[in-house]
């Protein structure tokens with residue numbers, strides 16, 4: 001059966017069984033709505049990685065050996081910048097400490113009110129609290145302050161060297177694949193700090209994993225509740241301006257909102273969680289999905305304007321637009337499916353969700369929408385007003401006349417512009433620093449940066465050192481190698497506090513030798529080390545060192561506090577650490593892990609994703625264009641102008657200093673996917689005119705005038721849809737919206753001017 005007969009049969013079936021089509025569509029949307037209500041927001045560390053990822057496995061090994069890695073950090077300082085060693089301040093620190101200790105999911109709290117100091121005399125090791133009571137005399141506080149500032153386990157960890165700022169640390173239980181407990185902790189802590197009766201006397205600063213995750217969740221909910229209604233309002237205004245009818249506004253909205261609901265249902269069926277990346281999926285679907293619906297409406301009103309009834313107009317619309325809408329949806333879906341090559345799991349899932357959404361939008365637009373339209377009693381007069389010549393038509397008449405006469409100048413500008421855009425594109429840097437996703441006025445960013453400025457480090461880099469045998473940690477030879485490594489780490493100015501079992505062993509060795517500073521060193525023998533560890537466990541039954549050494553005494557842990565910095569800088573520092581180990585202590589078995597290392601590797605995945613996904617999308621779309629136009633030449637020609645919007649996005653990133661990260665890595669694929677849609681409509685019309693015997697210039701002018709209005713109309717819709725993201729709370733969404741908006745304009749510019757100029761520059765042939 002010929003394709004046109006099959007298509008005609010399909011179209012007539014849709015209209016004949018339109019009620020069934022409508023019922024099935026509504027039922028599917030309702031079902032999707034029901035199952036999508038259980039979707040949860042997840043920003044856990046594990047969700048970004050494949051299960052077999054080596055970096056993730058190393059991190060999980062850390063958790064298995066030493067327990068929890070994440071912590072809460074609460075900074076406190078007096079508003080008058082005075083010493084924290086005074087009654088009111090210590091009392092407040094004690095209140096916060098006790099509150100944290102009683103919370104679920106908290107495993108260990110460290111603060112000035114709880115910290116212990118190690119002393120010894122007569123072969124007896126004593127571990128006692130630094131501050132037994134908060135109410136002391138001025139002289140007593142002065143003495144305690146001096147002790148704290150001279151204690152290597154307290155200074156630069158719990159207090160600054162001027163004693164005006166103090167930190168409270170609380171380790172939290174790791175729950176794999178969930179952030180619910182961290183969000184709840186964050187909310188409880190913030191509420192407690194807010195309700196402290198004497199809070200006006202202090203500045204509080206709250207940072208750490210729970211604060212970060214709660215901020216991500218809050219901004220996610222805020223953006224979802226604000227941006228989606230906003231884009232719907234703007235789309236409604238555009239539709240009303242264009243079609244001036246309730247049906248022209250309401251029916252496309254039903255289609256695209258239904259599509260978004262079906263996407264959420266798809267996510268639920270696939271066990272995908274909500275996250276900071278797929279927060280933009282509804283915006284993507286609303287913007288891109290509307291294009292097919294608009295094309296359907298425009299063609300439907302055209303059919304009405306020439307005298308056809310609603311049913312016949314709807315049927316003809318399906319026949320007219322099925323193929324071009326299918327191919328444009330396929331090319332856009334392909335661009336998203338290219339993300340499945342990524343090793344970043346949320347990006348891979350976003351590709352699946354967006355591709356599904358684009359194709360569902362096509363299916364609903366080509367079936368559900370015509371079925372609804374067939375019930376509308378449209379008037380010929382109104383349809384003619386919608387399809388009549390207007391400012392857009394006149395604009396494209398001028399463009400059509402201008403382009404053929406100025407093709408050499410246009411091509412020259414294309415070359416010059418591309419050169420500059422390529423230059424700036426190569427200036428783009430990769431950085432996955434999560435703190436950069438927040439705007440400068442975000443509370444979590446302000447607090448984190450302040451804590452980093454006073455006491456370096458709201459993140460941990462972890463080093464697991466394998467002694468090679470059980471009880472091996474106690475061996476002096478191993479401890480000396482460990483000491484050499486830790487001494488190097490402490491010499492790196494960018495690092496904050498460094499802690500290992502050595503800090504305790506050296507302190508114990510010192511106090512057991514009459515606090516002689518010369519004995520602040522590694523114990524001389526394995527037996528002495530074992531004795532100190534035993535004495536410490538007996539002297540401090542409430543505290544242990546299991547977060548620094550494992551139960552078999554085979555592995556030791558070195559933790560470094562690291563301030564928030566660009567991952568490129570962080571990676572450079574870790575590269576130096578590895579180089580030191582290889583050159584100085586190659587015999588020491590060290591494994592780098594922790595959250596810092598975990599997300600350092602994300603940088604490589606982002607860059608790999610950019611290269612692999614764009615290359616795959618470009619290749620598959622190129623093949624698709626060859627099939628669409630049944631021409632290798634025009635398949636290749638169609639791709640040339642569509643590189644311009646990609647270069648525009650890259651060039652703008654380089655010029656403005658926007659990094660390649662989770663959000664911006666999607667731009668290139670998305671842009672080329674939606675950019676070729678208008679190209680398909682334009683070249684398709686051009687080739688049809690050429691096959692009817694018209695010349696190149698005449699074919700270009702007719703193609704531009706016929707496709708001009710839909711091209712600019714869909715470009716406006718896309719621009720508006722993505723422009724809304726500029727009002728988002730996270731920079732990854734803001735930058736994504738900005739770059740796609742700019743790219744859409746360049747794609748429009750490329751189709752209207754450069755594509756025509758490229759065609760005219762080719763040698764003339766009589767046949768196509």
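What follows draws every value from the coordinates through simple rules; no lab data is involved. Worth saying up front: this structure is predicted, and the values here are computed from it rather than measured. Methodologically, a virtual Cβ is constructed for each residue, glycine included, from the backbone with ideal geometry; neighbour enumeration extends over all protein chains shown.
Under 1.5 on a/c is rounded, so check that first for the range 600-663, then, if it is not, pick prolate when a/b is larger than b/c and oblate when it is not; a ≥ b ≥ c are the square roots of the alpha carbon gyration tensor eigenvalues. Oblate shape, in that a/c is at least 1.5 and b/c is the bigger or equal ratio. Taking only alpha carbon atoms, the range 64-222 gives an Rg to Rh ratio of 1.00, where Rh is the Kirkwood radius. Taking 0.36 nm per residue of sequence separation and removing the Cα-Cα distance, the residue 60/residue 10 pair yields an extension gain of 12.6 nm.
At a Förster radius of 60 Å, what calculated FRET efficiency corresponds to the Cβ-Cβ distance of residue 340 and residue 122, to the nearest 0.05? Calculated value: 0.30. Take the Cα of residue 419, step 7 Å toward its Cβ, do the same at residue 269, and the gap between the two points is 5.3 nm. Taking the C-alpha atoms only, the angle from helix 567-584 to the longest principal axis of the chain is near 50 degrees. Here the label points at residue 426 and residue 222, each 7 Å from Cα along the C-beta direction, are separated by 4.0 nm in the simple model.
Taking the centroid of alpha carbons for each part, the range 507-560 and the range 222-276 are 61 Å apart. Per-residue packing, averaged as other Cβ atoms within 10 Å, sorts the ranges 603-611, 97-105, 732-740 into the order 732-740, 603-611, 97-105, beginning with the highest. Summary of packing: across the peptides 271-281, 154-164, the per-residue average of other C-beta atoms within 10 Å ranks them, highest first, as 271-281, 154-164. Stretched out straight at 0.36 nm per residue, the stretch from residue 79 to residue 578 would grow longer than its current Cα-Cα span by 175.4 nm.
Applying 1/(1 + (r/R0)^6) with r as the Cβ-Cβ distance of residue 745 and residue 200 and R0 = 56 angstrom yields a FRET efficiency of 0.65. The value of relative contact order for the chain, using C-alpha pairs under 8 Å at least six residues apart, is 18 percent. Of the peptides 287-294, 339-346, 684-691, 489-496, the order by per-residue mean of other Cβ atoms within 10 Å, starting with the highest, comes out as 287-294, 339-346, 684-691, 489-496. Label point of residue 454 set 7 angstrom out along Cα-Cβ; within the range 151-182, amide nitrogens under 16 Å from it belong to 155-170. For the chain, the mean residue ellipticity at 222 nm estimated from helices alone is -20500 deg cm²/dmol, where every DSSP H run of n ≥ 4 contributes -39500 (n - 2.57) and the total is divided by all residues, rounded to the nearest 500. Radius of gyration (Cα atoms) of the range 497-606, expressed as a multiple of 2.2 N^0.38 Å: 1.31.
Here the extension length gained between residue 487 and residue 540 equals 16.4 nm, from 0.36 nm per residue of separation less the Cα-Cα distance. To the nearest ten degrees, helix 180-194 and the longest principal axis of the Cα atoms of the chain are 70 degrees apart.
On the basis of the beta-carbon distance and an R0 of 41 Å, residue 142 and residue 51 show a calculated FRET efficiency of 0.15. Dividing the mean sequence gap of close Cα pairs (under 8 Å, 6+ apart) by how many residues the range 475-593 holds gives a relative contact order of 31 percent. Where in the range 100-117 does the amide nitrogen come within less than 18 Å of the point 7 Å from the Cα of residue 192, taken along Cα to Cβ? Once the point is set 7 Å along Cα→Cβ of residue 192, 100-115 turn out to lie under 18 Å by backbone N, inside the range 100-117. Considering only DSSP beta bridges where both residues belong to the chain, give the percentage that are antiparallel (nearest 5). Here the share of antiparallel DSSP bridges comes out near 95 percent.
In the chain the Cα-Cα distances spread across 10 Å bins starting at 0 as 2, 12, 20, 19, 15, 11, 9, 6, 3, 1, 0 percent of all pairs.
In terms of surrounding Cβ atoms within a 10 Å radius of their Cβ, 149, 505 rank from fewest to most as 149, 505.
Label positions at residue 446 and residue 184, each projected 7 Å from the Cα along the C-beta direction, are separated by 2.9 nm. Between the range 72-134 and the range 451-501, the C-alpha centres lie 24 angstrom from each other.
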